[in-house]
Amino acid sequence: MIAPKEHWHVLGAGAIGCLTASHLQHAGVSVTLLTRPGQMPEHLKAGLHLHHRQSTRQLQIPAIDTDSAEEISALLITTKAMQVADAFLSVRTQLQRDAPVVLMHNGMGVLEDLQATFPDIRFSCATTTEGAYINDQAHLIYSGEGGYRFGCEGQADAPAWFHSLQAALPDCHWDDNIQASLWRKLVINAAINPLTVLYQCRNGELLENETYRRHAQLLCEEIARLCQAAGHGQLADQVWHIVSKVMQGTAKNQSSMLQDIRAGRPSEVDFITGYLCRFAHQRNLDCPLNETLLKEIRAMDNSQ
Ligand code: KPL
């Protein structure tokens, strides 16, 4: 089915928001980046350059602040987990009736809260394995080609609005079990990100250093027990396999949590490790390694 021509607003002009908007624009989908009032990021002011493989191209994606957005017919929120609710509220009144609202962030728990507060909005979720960062010269570096999964609990078939995204984004699929994909990403982030902060290391060092690797393996065993309790038995059986492959594939990366902590920004630990701890407590399950990491990372977070 061909969808009516949507105009997508991407709220959150970090690396993944900009990269996603650039894919959409490149494929001819109408897109605008939204930023917080008075906080246009330097990389947008300077004119965004996208570096991919050996080539560089200048992007000209329209960017406006949320106050200037008029009618929003389709919204993709790509902010950090702790900013999603405020970001949504900042454009709530500009949303057209029945506009799709898609949340794409690390960690879990945000959707449940928003859904409870706004039962009339049909929220969907997305997760990506794309890798991108913005360098010191405010250039967008597309460092790892990946894919996208979109979905909405209880909706097996893709809605009409999804087709423009699918045509524009790489390896992009509607997932009739998006919870499983979100848990998979959660597991990866929970096993890698806090440990890279604790040991101040790149992802690959968690495999290379024997002490770090042992800690990661024990953490994966604990996370696997939580996956099992969540009904994701297949994922539970493969936690270490999946996590160690990502450590290998992103060996040179600084995890997003390590970058946030080093830059003095709030980290997403409450939505990653914190989510797992809350999940465990609600079911009277123990998760001492995650609890300790949660306390340690919170203590290292100087953003407040
Ligand atoms: O998603 C990531 C992150 O840093 O948040 C991983 C996969 C761990 C890559 O660094």
Computed [θ] at 222 nm, helices only, for the chain once each DSSP H run of length n ≥ 4 contributes -39500 (n - 2.57)
-12500 deg cm²/dmol
More than 14 Å apart: what percent of Cα pairs in the range 181-227 qualify?
46 percent
When a footprinting reagent is the concern and you count Cβ atoms within 10 Å, what order do Met247, Met300 take, fewest first?
Met300, Met247
Using only alpha-carbon positions, what ratio does the radius of gyration of the range 16-140 give when scaled by 2.2 N^0.38 Å?
1.08
Classify the range 1-78: rounded, prolate or oblate, from the alpha-carbon gyration tensor (a ≥ b ≥ c, eigenvalue square roots; a/c under 1.5 rounded; otherwise prolate if a/b is larger than b/c)?
oblate
Pick out which of Gln54, Gln254, Gln234 has the largest mean-square fluctuation in a Gaussian network model of the chain, springs linking Cα atoms closer than 10 Å.
Gln54
For the chain, with a Gaussian network of springs between Cα atoms less than 10 Å apart, report the residue from Gly151, Gly38, Gly17 with the top mean-square fluctuation.
Gly38
In square nanometres, what is one fourth of the surface area of the convex hull spanned by the alpha carbons of the range 239-304?
5.2 nm²
Given all pairs of distinct Cα atoms, the range 111-172 yields a Kirkwood Rh in Å of 13.9 Å
Comparing Asp171, Asp98, Asp270, which has the greatest mean-square fluctuation in the GNM of the chain with Cα pairs linked when under 10 Å apart?
Asp98
Relative contact order [Cα under 8 Å, 6+ residues apart], the range 1-72, whole percent:
31 percent
Over all directions, how big on average is the projection of the convex hull of the alpha-carbon atoms in the chain, in square nanometres?
15.6 nm²
Hey, what did the chain get for relative contact order, percent, Cα under 8 Å, at least 6 apart?
15 percent
Order of Val101, Val239 - criterion: other Cβ atoms within 10 Å of each residue's Cβ, fewest first:
Val101, Val239
Cα-Cα longer than 27 Å, checked against Lys80/Lys252; Lys45/Lys245; Lys185/Lys295, kept in input order, equals Lys45/Lys245
Equivalent ellipsoid semi-axes, the range 74-217, via Cα gyration tensor eigenvalues times 5, rooted, Å
30, 17, 17
Local electrostatic count at Arg225 - Lys and Arg +1, Asp and Glu -1, tallied over other residues with Cβ under 13 Å
-3
Report, in degrees rounded to the nearest 10, the 0 to 90 angle that the Cα long axis of helix 273-282 makes with the longest principal axis of the chain.
70 degrees
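Every number here is computed from the coordinates shown, using simple stated rules; none is lab data. Please read these numbers as outputs of a predicted model, since none were measured by experiment. Cβ atoms come from the backbone with ideal geometry, glycine included; neighbour counts cover every protein chain shown.
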